[in-house]
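Here's the structure, in structure tokens; my notes come after.
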Amino acid sequence: MNHYKMTNEKALRYLLAGIASLAVVHALGRFSFTPLLPYFIRDNMLTISQGADLATVNYLGYLIGALLAVRYSGPKFIKKCLVIGLLGNVLVTIAQCFVPQFESLLLLRFLNGITNGIVFVLAPALLLEWFITNNKPQLSGLVYFGVAGGLLAGGLLVDSTATFFQAEQRWIPVAIISLLLATYSITQFVNIQVERPDYKDKDQRLTHNSALFDRRSTPLFLSYIGAGLGYILPMTFLPTLAHDMMSEDSIWITNVWAITSFSCLISIPVWNWIGHRFGDRFALIYTYILQALGVASVLLNPSGTGVIACAILVGNGFLGSVMCTQRLARYFQPHQGPRLSAALIAIYAGSQLIGPWLAKLWIEHGGTLLQSFVVGLGAFIWGLFWTWRTPKT
């Protein structure tokens with residue numbers, strides 16, 4: 001009984017550490033840039049084109065970080081690299097508080113992406129192995145509360161402190177919260193031990209001898225391209241689009257990111273339950289449908305109503321896509337572990353890298369930000385098509 005209680009206590013601490021780490025690197029360090037961008041534009045610190053460049057270089061760094069995580073996901077390196085990545089991410093966020101120059105921000109957003117990619121791969125992968133080893137796999141999906149909760153906290157933090165800061169100083173509240181959360185996560189991660197001696201040699205042979213892309217998993221990997229490309233335009237530019245389409249005194253301008261984030265937050269236990277009850281493939285199909293409807297709503301109804309519908313539906317579905325894809329892939333290839341997670345994140349990062357770049361090209365050739373969302377709609381349809389082709393068992 002004491003052992004059971006101790007295991008439950010460790011599970012809670014480690015889960016909270018994982019939640020905090022994803023909040024730091026992905027929600028605060030990365031996606032706080034989305035609600036901050038309209039303020040940076042208003043402060044004449046950045047233009048919309050420069051914002052797209054910063055988003056693109058950040059996603060390039062994210063891709064490189066995920067690929068580095070493939071190399072350093074082994075048991076000898078995973079904790080050390082996770083801690084270094086988390087600490088580096090916080091230091092980059094702190095540095096952004098003092099840097100208004102666009103050229104310097106390009107480097108910092110690139111470094112933010114690298115450290116984010118490392119932590120976003122290694123933290124869930126390490127926790128997933130620990131939860132499976134301790135017979136608690138149902139908790140693995142809950143780590144993504146860090147993304148949703150951090151998105152909500154970051155948006156509220158940015159908007160509630162907007163009147164107190166200008167330009168680069170708007171990063172200060174984000175940096176303070178990130179430092180506190182990262183400190184807690186690091187103190188917990190250093191204590192995690194994952195040992196499966198009965199299977200270690202077998203798992204290593206299987207991992208090295210097995211291909212990541214096989215008949216069952218290839219359609220799932222292809223669908224994940226649609227997930228990454230589809231969600232990145234709303235999650236990068238939706239608040240900016242709201243500023244363009246609504247009057248300055250509209251209550252929705254300052255709340256569109258909070259609505260998106262809250263939709264993410266409440267959807268996590270729902271998709272977690274649907275995936276366990278009806279299967280992750282079933283849940284994944286409906287995450288793509290909801291997100292496609294969200295992007296279509298703002299394209300067909302370019303008004304405040306369309307923006308809010310997009311915020312709710314895309315926010316509701318995108319973390320479900322991440323969670324269900326990760327679990328379904330591991331179900332197909334249970335011996336791959338962190339290597340599989342890293343490959344999925346690399347695909348996700350590579351596809352989302354294209355979105356802001358395409359938006360920038362479209363705007364520079366006379367198009368509008370809204371019209372560029374057509375790319376996102378097509379991406380979600382692509383993801384839905386390949387998910388249908390993913391085997392049911």
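Give the residues of the stretch 41-73 that are free of Cβ contacts under 8 Å to residues at least 60 places away in the same chain and part of a loop (DSSP other than H, G, I, E, B), sorted by residue number. Those that are free of Cβ contacts under 8 Å to residues at least 60 places away in the same chain and part of a loop (DSSP other than H, G, I, E, B): Asn44, Leu46, Thr47, Tyr72.
Condition check: farther than 23 Å from Phe165 by Cα and either buried (at least 24 other Cβ atoms within 10 Å of the Cβ) or not hydrophobic (A, V, I, L, M, F, W, C) (or both). Does Ala66 satisfy that? Yes.
Could you pull out the residue among Leu181, Leu151 that is surrounded by 20 or more Cβ atoms within 10 Å (Cβ to Cβ), modelled with pLDDT of 85 or more and either out of contact with any helix residue (DSSP H, G or I) (no Cβ under 6 Å at 6 or more places or on another chain) or part of a helix (DSSP H, G or I) (or both)? None of the others qualify; the one that does is Leu181. Return the residue satisfying two criteria in turn: it lies in the stretch 15-59 and is modelled with pLDDT under 90 and of a type in the set (A, V, I, L, M), and of such residues it is nearest to Leu353 (Cα to Cα). Within the stretch 15-59, the match that is nearest to Leu353 (Cα to Cα) is Ala55.
Of the residues in the stretch 204-219, at least one is modelled with pLDDT of 65 or more and part of a helix (DSSP H, G or I).
Scanning the stretch 118-136 for residues that are assigned to a helix (DSSP H, G or I) and touching a Ser or Thr at 6+ places or on another chain (Cβ under 7 Å) gives Val119, Val121, Leu122, Ala123, Pro124, Ala125, Leu127, Leu128, Phe131.
Just to be sure, is Phe282 at pLDDT 85 or above, over 23 Å from Ala55 (Cβ atoms) and either aromatic (Phe, Trp, Tyr) or touching an Asp or Glu at 6+ places or on another chain (Cβ under 8 Å) (or both)?
Yes; evaluated as a whole, the condition is true for this residue.
For the stretch 92-115, filtering for residues that are assigned to a helix (DSSP H, G or I), of a type outside the set (Ser, Thr, Tyr) and surrounded by fewer than 18 Cβ atoms within 10 Å (Cβ to Cβ) leaves 5. Residue count for the stretch 355-374, restricted to those that are touching a helix residue (DSSP H, G or I) at 6+ places or on another chain (Cβ under 7 Å), farther than 12 Å from Ala227 by Cα, part of a helix (DSSP H, G or I) and not charged (D, E, K, R): 10.
Identify, please: which residue in the stretch 52-92 is among the β-branched types (Val, Ile, Thr) and touching a Leu at 6+ places or on another chain (Cβ under 7 Å) and is, among those, nearest to Leu370 (Cα to Cα)?
Here is the first cut: in the stretch 52-92, the ones among the β-branched types (Val, Ile, Thr) are 56-57, 64, 70, 78, 83-84, 90, 92.
Next, from what is left, pick out any that are touching a Leu at 6+ places or on another chain (Cβ under 7 Å): 56-57, 78, 90, 92.
Details: Thr56: 18, Val57: 22, Ile78: 41, Val90: 33, Val92: 31 Å.
Within the stretch 52-92, the match that is nearest to Leu370 (Cα to Cα) is Thr56.
Out of Ile312, Ile285, which single residue is assigned to a helix (DSSP H, G or I) and farther than 24 Å from His26 by Cβ? Answer to the selection: Ile285. The residues listed here are Val90, Val70, Val25; of these, the one that is out of contact with any Phe, Trp or Tyr (no Cβ under 8 Å at 6 or more places or on another chain) and either within 30 Å of Asn135 (Cα to Cα) or of a type in the set (D, E, K, R) (or both) is Val70.
Table: residues versus (1) under 15 Å from the mean Cα position of the chain (by Cα); (2) surrounded by fewer than 24 Cβ atoms within 10 Å (Cβ to Cβ); (3) within 26 Å of Gly150 (Cα to Cα); (4) not β-branched (Val, Ile, Thr).
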| site | (1), (2), (3), (4) |
| --- | --- |
| Ile312 | no, yes, yes, no |
| Phe332 | no, yes, no, yes |
| Ser351 | yes, yes, yes, yes |
| Pro356 | no, yes, yes, yes |
| His365 | no, yes, no, yes |
| Val374 | no, yes, no, no |
| Pro391 | no, yes, no, yes |
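The values are calculated or read from the model by the stated rules, or taken from the named source; none is laboratory data. Keep in mind it's a predicted model, so treat the numbers as computed, not measured. So basically every Cβ, Gly included, is an ideal-geometry build from the backbone, and we count neighbours across all protein chains shown.
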